[in-house]
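Visitor: Below are the structure tokens for one structure; questions will follow.
The values are calculated or read from the model by the stated rules, or taken from the named source; none is laboratory data. Note that the coordinates shown come from a computational prediction; the quantities given were computed from them, not determined experimentally. Virtual Cβ from ideal backbone geometry, glycine too; neighbours counted across all protein chains shown. Accessible surface is based on the protein model in full, side chains and every heavy atom, while ligands, DNA and RNA are left aside. Shrake-Rupley method; radii C 1.70, N 1.55, O 1.52, S 1.80 Å.
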Amino acid sequence: MSHFSCVLVGNESLLIQCAEQLLRAGDRIAAVVTRQPDIRTWALGQGLRVEKPGADLAERLNGLSFDWLFSIANLTVIPQAVLNQAQRGAINFHDGPLPRHAGLNAPVWAILQQEKQHGITWHMIEGGIDEGDIVQQRLFDMAPGETALTLNTRCYEAAIDSFGDLLNDLHGTGPQRRKQDLSQRSYHARLDRPAGGAR
């Protein structure tokens, strides 16, 4: 098994779940970037370096050596200079089945558009928003009467489960990259309002 170092960026409890898998696997977390107090408290309790997001993040991380950057439940734009510091690449978690439902509020859009299937995707941070190669994906059938709460919970569970498989790949031959078929892409921007009904 080939261990690696990484930086984690995010503001939801999913980051902690993934970080604990990394630590159990013997990987080194060089820093956690978050503005969420509970994550900061957890990370400091583990003896990890913690930084806040910001335009000067690259300067604050200057000289820090790490292989991978993981963006986990993170809506903050990561400066390109920070992405460039990840020697092997940067990977993002998305709560939708890319290339479908790229952008924001993917579970809500899936419900409003009466999708039969949903899922989560881990993908490389490359190209445009949510356009990078897929490295892990979990698809599942939508349940009758699915709500945003139940679908988000299922996405959370799928994320934790699939992150273990992603780690196995990274410890072995590397990420199993699969290009997205962008002809099948749908995208929801910040100004789209799912509460107003399906598009």
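Visitor: Enumerate the amide H contacts of G89 below 5 Å, restricted to partners 5 or more residues apart or on another chain; note that Pro and chain-start residues carry no placed amide H.
Guide: Hits under the 5 Å cutoff: L69.
Visitor: Cα centroids of the range 1-20 and the range 28-103: how far apart, whole angstrom?
Guide: Between the Cα centre of the range 1-20 and that of the range 28-103, the gap is 9 Å.
Visitor: Of all accessible surface on the chain at a 1.4 Å probe, what whole percent is carbon and sulfur?
Guide: On the way: 4830 of 9750 Å².
Carbon with sulfur: 50 percent of the solvent-accessible area.
Visitor: Something else about it: With θ taken as phi - 60° and the coefficients 6.51, -1.76 and 1.60, list the Karplus ³J(HN,Hα) couplings across the range 10-18 in order, rounded to whole Hz; mark glycine and proline as x.
Guide: x, 9, 10, 5, 4, 4, 5, 4, 5
Visitor: Another question, then. Which stretch or stretches of the range 106-142 have amide N atoms under 13 Å from the point lying 7 Å from S186's Cα along the Cα→Cβ direction?
Guide: 106-119
Visitor: Testing the spin-label approximation: label points 7 Å from Cα along Cα→Cβ at L139 and R24. State their distance in nm.
Guide: 2.8
Visitor: Would you mind working out the magnitude of the charge dipole of the range 43-199 relative to its Cα centre, with +1 at each Lys and Arg C-beta and -1 at each Asp and Glu C-beta, to the nearest 20 Debye? Write down the numbers at each step before the final one.
Guide: Details: 15 positive and 18 negative charges, 47 e Å.
Here the size comes out at about 220 debye.
Visitor: What residue among P79, P107, P37 has the largest mean-square fluctuation in a Gaussian network model of the chain, using Cα springs under 10 Å?
Guide: Looking only at P79, P107, P37, the biggest GNM fluctuation is shown by P37.
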